[in-house]
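S.K.: Just dropping this structure here.
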Amino acid sequence: MKNRRNFCKKKKINLVYKCLHSRCDLFYDSVLGLRRHISHYDHNLYYNAGYSLKCPVRKCDMSICELDNTDFLYSHFEKEHAPRLVAQLKDTLVRIKKTYETTNINYLELNASDNCVNLSIVMRENDLLKDVMCFVYPNGVMKINDIDKPDLIFCGIPGCGKHFKSVMAYKYHCQTYLHSFITLFDSYCRNRNLDIDYELIRGLLCRKFAIVDKFYLEGVTHHSIFSPDQFYTFTFSMDKELYIRKKRHRRNDMNVLEYNNLLEEDISVTDFSDQIDSLPSKIYYRGAKYDVFESFEDKNFKCVNFKSEVTAAEKHTDYFCVTYRGFSRRESKMFEFYREECKIAFFCKKSQIREFTHSYGFVRKIKFVDAKEYFFYLALFNDGFLRYCKDDQVLVQYQQEKITNFVILGNFNTDGIVATDGFYLYKFEGPNIIATSTKFEFPIIAMEARNTSNKELYLLNANGKITYCDKNFRNEQEILTHAGITNIIYLSDIDGLLVCDSFMGTTKLIYLDDQKRKMCSLDSSFVCCSENVKKLIISGTYDGVVTTNSITKKRKVCAEKIFEIIRRKEYYFICSEEYELSVCKNKSDSDFDGAVRIVNAFLIDNFMVIAIMSGFVVFLDVRTLGCNK
């Protein structure tokens, strides 16, 4: 027999970033997670003062009280773990200590509004309420996933048991789902083998916080090993009959109920606040490393960094514009209006030629009217007013306030504008309103205009119902209803309506000139979309993917992913080659640290222009991408 070699597979050593507080057992797989933990988690509320240097190996419990005695830790690591990784250990320890020295404490502010219970206030008094909360949230922490199931996020509240595959789905659950407090209390009593009347805890909440039924619990740390901690609120009901009543609702009624809750809670339209603390500093593209905080260019690749949050982007022939504002923890909400400074940068092909500043709030939506010697454009600002501008000069401010969306009916100079505040439609001739619709039952969250001889309006409401009417707001008819529909876009070259179902992760193209409303499916859901004259649909998604969808003569869709930007720990990774994209396709969501939203994408002069919410615009030569094949 031939001699066989015995290969011992090397055991993988998982080095993690452990909190230096002696009693705190939380750890993270990136220094970004540790930084957010240090700045937002109030250790003094749950632990006595004290620090210790801990072995970064995940399953090792060794620690020393002397933070500067790293030599002892090195010898322990060489003896008990892997000598070959001592250099990596040193780098990890340096990062941990530097993070503690440089991170500013920024505890979240207490909410003083009605029907709100802050966990930090509860923890300051030794009573039954504190004991109940500590049972569900030990040390104010709820762990939302396990080390062996990184792709699964679950709700740990007793009686819930729901699980999710994305942080966004979990956040939606936290902010809209009504949990039963009596179920939580019953679980506590069974675990402690106690017989306590529910009215006792109910009375405590009433005396201390004036809670009668529904209340919001804040101050909970939603802990994940694989991403920075989150701080969402939970909604509880004290009603004993909550679940009995819920079971009697039909499925459609529940869909309506959930959307009403979403609007009442004012969930953000674009949520960027969770990522501010942890923006990566590098970009990797085809083996080269670039600094995110600088603008750079080579032969086939250019990146312009605004160092601000991009809110909108629009194209007109060879021109395009990008609107941006400073990074803010304040979320953008559909029915919340306020002023702040924003900027609009105009480009001709790849070169920035002008930039204007406005103080009306960030731009929600922008449309070109003309671009010759001056730039003429319509902009909807976050103060709720629609304005017609020439460069930085406001020519017309339309009289209706709290506008949430608008469309141009055909030609701007002859056909006018239709806008909505969510519940009414307004038709403008100049700055004046000449027609108003009746009030809608559910808020309008998206609208489009079909520029045919009839000038039809297509409306999407918060219950997922798509309808259309004429330009005088008459003859309303239903097209489609599904609770998961969150966006619609009209494509004039194809004469089709794109319908995005975010809950199902799908997009359908409806041909409006087909009496049978023929539909075909695209690859994925979208958040933005553009088209060119070759019937090529370019769509961008919330998770950083750009796809081209070409329409055949038989009205079939041929889809191809040409671009993906991934946020991985401390850098962005841009993929545009077939090999890179295929590798990303096989990766699970848990391999990446967060969504990178595409604001818009379009073709200009053989370059794909991609505006990204994180603050930069990428130019890629289409000859190096799949859309040119």
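The values are calculated or read from the model by the stated rules, or taken from the named source; none is laboratory data. From a predicted model like this one, the values you see are computed outputs, not experimental measurements. FYI the Cβ positions are ideal-geometry reconstructions off the backbone, even for glycines, and counts take in every protein chain you see.
S.K.: Working carefully through the options SER576, SER525, SER588, SER539, find the one that is modelled with pLDDT under 75, surrounded by 15 or more Cβ atoms within 10 Å (Cβ to Cβ) and within 24 Å of the chain's Cα centre (by Cα).
M.R.: Numbers: SER576 fails: modelled with pLDDT under 75; SER588 fails: surrounded by 15 or more Cβ atoms within 10 Å (Cβ to Cβ); SER539 fails: modelled with pLDDT under 75.
Among SER576, SER525, SER588, SER539, only SER525 is modelled with pLDDT under 75, surrounded by 15 or more Cβ atoms within 10 Å (Cβ to Cβ) and within 24 Å of the chain's Cα centre (by Cα).
S.K.: Moving on to the next point. Conditions first: (1) under 29 Å from LEU205 (Cα atoms); (2) surrounded by 12 or more Cβ atoms within 10 Å (Cβ to Cβ). ASN126 passes all but one, so which condition is the exception?
M.R.: For ASN126, the failing item is (2).
S.K.: Report, by residue number, each residue of the stretch 189-198 that is without any contact (Cβ under 8 Å) to a residue 60 or more places away in the chain and either surrounded by 14 or more Cβ atoms within 10 Å (Cβ to Cβ) or closer than 22 Å to ILE121 by Cβ (or both).
M.R.: CYS189, TYR198
S.K.: A follow-up question, please. Taking the criterion of being touching an Asp or Glu at 6+ places or on another chain (Cβ under 7 Å), of a type in the set (S, T, N, Q) and within 17 Å of ARG354 (Cα to Cα), would at least one residue in the stretch 277-300 satisfy it?
M.R.: no
S.K.: Also, quick follow-up: Answer with yes or no whether VAL304 is part of a strand (DSSP E or B), of a type outside the set (Gly, Ala, Ser) and closer than 15 Å to ALA601 by Cα. It would help to see each step written out before you state the result.
M.R.: Numbers: part of a strand (DSSP E or B): yes; of a type outside the set (Gly, Ala, Ser): yes; closer than 15 Å to ALA601 by Cα: yes.
Yes; evaluated as a whole, the condition is true for this residue.
S.K.: Go through the stretch 307-336 and count every residue that is touching a strand residue (DSSP E or B) at 6+ places or on another chain (Cβ under 9 Å), of a type in the set (A, V, I, L, M, F, W, C) and part of a loop (DSSP other than H, G, I, E, B).
M.R.: 2
S.K.: Output the residues belonging to the stretch 319-353 that are exposed (fewer than 14 other Cβ atoms within 10 Å of the Cβ), charged (D, E, K, R) and at pLDDT 90 or above.
M.R.: GLU341
S.K.: How many residues are at pLDDT 85 or above and surrounded by fewer than 20 Cβ atoms within 10 Å (Cβ to Cβ) if we restrict to the stretch 451-460? Let's see the steps before the verdict.
M.R.: First, the residues of the stretch 451-460 that are at pLDDT 85 or above: 456-460.
Add one more test, that the residue is surrounded by fewer than 20 Cβ atoms within 10 Å (Cβ to Cβ), and what stays is 456.
Of the residues in the stretch 451-460, 1 are at pLDDT 85 or above and surrounded by fewer than 20 Cβ atoms within 10 Å (Cβ to Cβ).
S.K.: What's the total number of residues in the stretch 380-435 that are under 32 Å from the mean Cα position of the chain (by Cα), at positive phi and not assigned by TED's automatic domain parsing to the domain that holds HIS358?
M.R.: 2
S.K.: Out of curiosity, is ASN139 assigned by TED's automatic domain parsing to the domain that holds GLU218 and not in a helix (DSSP H, G or I)? Before the answer, list the steps.
M.R.: Numbers: assigned by TED's automatic domain parsing to the domain that holds GLU218: yes; not in a helix (DSSP H, G or I): no.
The answer is no for ASN139.
S.K.: List every residue pair whose Cβ atoms lie under 8 Å apart, where the two residues are 6 or more positions apart in sequence or sit on different chains, the first residue falls within the stretch 484-499 and is farther than 15 Å from TYR542 by Cβ, and the second residue, located anywhere, is of a type in the set (A, V, I, L, M) and not in a strand (DSSP E or B).
M.R.: Partner pairs satisfying both residue conditions: ASP493/VAL533; ASP495/LEU512; GLY496/LEU512; LEU497/LEU512.
S.K.: Scan the stretch 493-500 and tell me whether some residue there is under 28 Å from SER550 (Cβ atoms), surrounded by 20 or more Cβ atoms within 10 Å (Cβ to Cβ) and more than 27 Å from the chain's Cα centre (by Cα). Even if it seems obvious, please write down each step before you answer.
M.R.: Within the stretch 493-500, the first condition is being under 28 Å from SER550 (Cβ atoms), and the residues that meet it are 493-500.
Checking which are surrounded by 20 or more Cβ atoms within 10 Å (Cβ to Cβ) leaves us with 496-500.
With more than 27 Å from the chain's Cα centre (by Cα) added as a condition, the list becomes 496.
Looking for residues that are under 28 Å from SER550 (Cβ atoms), surrounded by 20 or more Cβ atoms within 10 Å (Cβ to Cβ) and more than 27 Å from the chain's Cα centre (by Cα), one finds at least one in the stretch 493-500, hence yes.
S.K.: Could you tell me whether GLY203 is under 29 Å from the mean Cα position of the chain (by Cα) and surrounded by fewer than 14 Cβ atoms within 10 Å (Cβ to Cβ)? I'd like the intermediate steps shown before the answer.
M.R.: Numbers: under 29 Å from the mean Cα position of the chain (by Cα): no; surrounded by fewer than 14 Cβ atoms within 10 Å (Cβ to Cβ): yes.
Judged against the criteria, GLY203 is not a match.
S.K.: A further question on this structure: Here are the criteria: (1) within 21 Å of GLY33 (Cα to Cα); (2) in contact with a Cys (Cβ under 6 Å, 6 or more places away or on another chain); (3) not β-branched (Val, Ile, Thr). Tell me which single one LYS162 does not satisfy.
M.R.: (1)
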